[in-house]
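Chemist: Let me begin by handing over the structure; questions about it come next.
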Amino acid sequence: MHLTISSLLFALVFVAFVRAQADQRISQAKCQDFRNWAKSNPTNCNRPASLILQNSVRVGDYPHVAFMGWKMDIDPTAYNFLSFGSLISEQYILTAAHSTRFEQEKPDIVRLGAVDLNQKDQHVKDYEVSEVITHPNYTARLAYNDIALVRLREPVSFSESIRPACLWDSLQMNFTSLVTTGLDRTDYLSTSGQLQKFNLNIMDKSVCDQQYGPNRKIPDGVKDHQLCLSQSDQKDICLGSSGSPAQISFDPKECAAYVVGIVSHGRISGGLQFPDIYTRVASYIDWIEAIVWS
């Protein structure tokens with residue numbers, strides 16, 4: 001029996017589709033799921049940009065940003081929020097390994113949906129931390145392999161203000177700038193602060209190495225699994241920004257932010273601020289996928 005031209009074309013298209021599906025990473029498939037959820041549910045994807053307070057973050061602007069909190073000794077019902085992370089699935093936060101320990105203790109909770117440490121409304125929800133998984137090649141002495149996953153005790157309920165980010169899985173970057181977030185507080189242990197955004201420029205690795213020179217945290221210089229980012233607006237990234245995502249959104253209507261890097265190491269000397277070192281997410285996609293979506 002001979003195939004007709006139309007049936008042959010259909011067969012070829014079907015085979016191509018199956019191959020494309022087989023070649024798709026699990027993180028890419030999940031990213032599409034998150035985007036589809038956002039498009040079919042109330043979100044802030046299509047609202048106009050704020051005309052004022054350009055550096056301030058509104059509820060829903062970065063719905064993946066997570067605050068990691070440790071119980072305060074003087075009040076077990078209150079928390080010190082000392083570092084950040086990014087919600088990347090229903091139950092996992094992506095962050096820097098060095099930001100998952102305070103006085104040798106893992107965080108007690110992760111707060112999602114907030115843009116202010118004093119915010120207490122329907123947008124905010126706290127989740128207990130079940131487990132912290134640091135990269136097997138990480139050591140606290142160095143800034144290399146500075147990446148970790150925080151598992152929550154229960155799955156997250158998505159909402160207008162709480163939604164996962166996608167992961168940038170390619171070492172190739174067809175962009176030159178990113179955005180990160182931090183708190184506008186002057187004291188590391190302050191219990192108040194508003195989330196702010198900061199514009200970042202991607203810096204050439206060799207230039208970054210020259211600026212840093214010998215450094216105990218990166219004795220072998222900036223490696224390929226790291227990114228060197230400088231602030232384009234000349235403002236200090238806020239205290240306690242460890243673990244924050246360096247991210248990009250190509251089209252707000254797509255309802256997707258891609259986490260490209262994670263705040264890892266910074267240096268200030270003689271009042272001069274050097275570029276910041278970020279862990280490059282694309283270098284660890286296999287490790288992330290094996291844990292989060294195994």
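The values are calculated or read from the model by the stated rules, or taken from the named source; none is laboratory data. Being a predicted model, the structure only gives us computed values, none of them experimental. When we count neighbours, we look across all protein chains shown, and the Cβ atoms used for this are built from the backbone with ideal geometry, even at glycine. With ligands, DNA and RNA removed, areas are computed over all heavy atoms of the protein, side chains included. Shrake-Rupley method; radii C 1.70, N 1.55, O 1.52, S 1.80 Å.
Chemist: Whole-Hz Karplus ³J(HN,Hα) for segment 276-281, in order, using 6.51 cos²θ - 1.76 cosθ + 1.60 and θ = phi - 60°, x for Gly and Pro?
Modeler: Rounded to whole hertz, the list is 9, 9, 10, 6, 7, 4.
Chemist: Mind giving me the FRET efficiency for Asp204 and Arg153? R0 is 35 Å, r the Cβ-Cβ distance, nearest 0.05 is fine. Working shown, then result.
Modeler: On the way: r = 42 Å, r/R0 = 1.21.
In this case the efficiency is close to 0.25.
Chemist: For Asp116, which sequence-distant residues (separation of 5 or more, or a different chain) have an amide H within less than 5 Å of its own amide H, given hydrogens modelled in the peptide plane?
Modeler: Here the answer is Leu195, since their amide H atoms fall under 5 Å of that of Asp116.
Chemist: Can you compute the modelled spin-label distance between Gln32 and Glu103, with each label point 7 Å from Cα toward Cβ, in nm?
Modeler: Label-label distance for Gln32 and Glu103, simple model: 4.8 nm.
Chemist: Taking R0 as 30 Å, what FRET efficiency do you get between Asn41 and Phe175 from their Cβ-Cβ distance, rounded to the nearest 0.05? All intermediate terms of the calculation are to be shown ahead of the outcome.
Modeler: On the way: r = 28 Å, r/R0 = 0.92.
E between Asn41 and Phe175, to the nearest 0.05, is 0.60.
Chemist: From largest accessible area down, sort Arg163, Arg141, Arg153; use a 1.4 Å probe on the protein chains. If you can, show how the numbers build up before the last one.
Modeler: Values: Arg163 20, Arg141 165, Arg153 140 Å².
Sorted descending by solvent-accessible area, the residues read Arg141, Arg153, Arg163.
Chemist: Could you order the peptides 170-179, 109-118 from most to least packed, using the average number of other C-beta atoms within 10 Å per residue? Spell out each step's value before the answer.
Modeler: Numbers: 170-179: 12.4, 109-118: 20.6.
Taking the mean over residues of other Cβ atoms within 10 Å, the ranking is 109-118, 170-179.
Chemist: Could I ask something else about it? If the chain between Lys125 and Asp73 were fully stretched, how many nm would it gain, using 0.36 nm times the residue separation less the Cα-Cα distance? Intermediate values should be presented prior to the final figure.
Modeler: Details: separation 52, 0.36 × 52 = 18.72 nm, distance 2.17 nm.
Result for the pair: 16.5 nm of gain on full extension.
Chemist: Please give the Cα centre distance for segment 157-178 versus segment 75-139, rounded to the nearest Å.
Modeler: 18
Chemist: Averaged per residue, what accessible area in Å² does segment 67-107 show with a 1.4 Å probe, protein chains only?
Modeler: Values: 1700 Å² over 41 residues.
In whole numbers, segment 67-107 has 42 Å² accessible per residue.
Chemist: Summing +1 for each Lys or Arg and -1 for each Asp or Glu, what net charge is found among the other residues whose Cβ lies under 12 Å from the Cβ of Leu227?
Modeler: Working: positive: Lys205, Lys223, Arg280; negative: Asp146, Asp204, Asp224, Asp276.
Net local charge, Leu227 excluded: -1.
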